[in-house]
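Written below as structure tokens is the structure these notes are about.
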Amino acid sequence: MGSAPTPFIDAERLSARIAEMGHQIRATYGPDETITAVAVLKGSIVFFADLLRSLPGPVTCDFLGLQSYEGTVSSGAVRITHDLRADIAGKHVLVVEDIVDTGLTLDYLHRTLGARNPASLRVATLLDKPSRRRVDVRVDWVGFTIEDRFVVGFGLDHDQMLRNLPYIGTLDDSP
Ligand code: IMP
């Protein structure tokens, strides 16, 4: 592992923005609607845990493990490594993502989960890199829009490491 990541979005900004997102999301669904929050493993776990605590009202949680076939470059070839435990038919599903990069993962999720007939399917992502998009995907809530650089920490990894950083950082050798 090379030098320590350079701080990019600090813990304070992350927590303020996530608190705001929780309230915005609840306002969209209304106070009494049960939200089925789905964490996309592994990258979203830290964001998911914080977002849940910022989301008032009725919420259930489920977990979806996905793996893309390449390392840091998205190929679009995605497979489910851990499927949801519950049937989402008729549920209001909120997919919680770490980052939308090419959009290929989210496109796959929209198609796969959409086919299970949820009452609604919305997406909250902590980070968005729109300049990298290869497919047009709908994202309902974005924490931070960032330029094209490789980020780590707060759940995001580099070769499975650095997910435990309490902030978002960049690596010196990233573009
Ligand atoms: P996609 O290119 O939109 O399909 O993004 C797929 C996945 O690639 C994301 O959910 C992340 O796990 C990973 N990813 C994309 N950009 C980054 C990054 O800058 N740092 C760490 N992981 C990333």
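The values are calculated or read from the model by the stated rules, or taken from the named source; none is laboratory data. Nothing here was measured: the structure is a model prediction, and the numbers come from that model. Don't worry about glycine lacking a Cβ; one is built from the backbone with ideal geometry, like all the others, and counts go over all protein chains shown.
Residues that are touching a residue at least 60 places away in the same chain (Cβ under 8 Å) and closer than 21 Å to Ala119 by Cα within the range 1-47 comprise Gln24, Ile25, Thr28, Tyr29, Thr36, Val38, Val40, listed in sequence order.
Of all residues in the range 23-61, those that are farther than 22 Å from Asp101 by Cα and crowded, with 17+ Cβ neighbours inside 10 Å total 7. For the structure I just gave you, tell me whether Gly143 is assigned to a strand (DSSP E or B) and either in contact with a Lys or Arg (Cβ under 6 Å, 6 or more places away or on another chain) or modelled with pLDDT under 95 (or both). Yes.
Could you tell me whether the range 155-173 includes any residue that is in a strand (DSSP E or B), more than 14 Å from the ligand (Cβ to nearest atom) and modelled with pLDDT of 95 or more? Checked against the condition, which is being in a strand (DSSP E or B), more than 14 Å from the ligand (Cβ to nearest atom) and modelled with pLDDT of 95 or more, the range 155-173 yields no hits at all.
Glu147 meets the conditions (1) away from the ligand (no atom under 14 Å from the Cβ); (2) under 22 Å from Ala16 (Cβ atoms); (3) surrounded by fewer than 19 Cβ atoms within 10 Å (Cβ to Cβ); (4) not hydrophobic (A, V, I, L, M, F, W, C) in every case but one. The failed one is (1).
Of the residues Val100, Val93, only one is over 19 Å from Leu14 (Cα atoms), surrounded by 15 or more Cβ atoms within 10 Å (Cβ to Cβ), hydrophobic (A, V, I, L, M, F, W, C) and in contact with a Pro (Cβ under 9 Å, 6 or more places away or on another chain); which?
Details: Val100 fails: over 19 Å from Leu14 (Cα atoms).
From the options Val100, Val93, the qualifying one is Val93.
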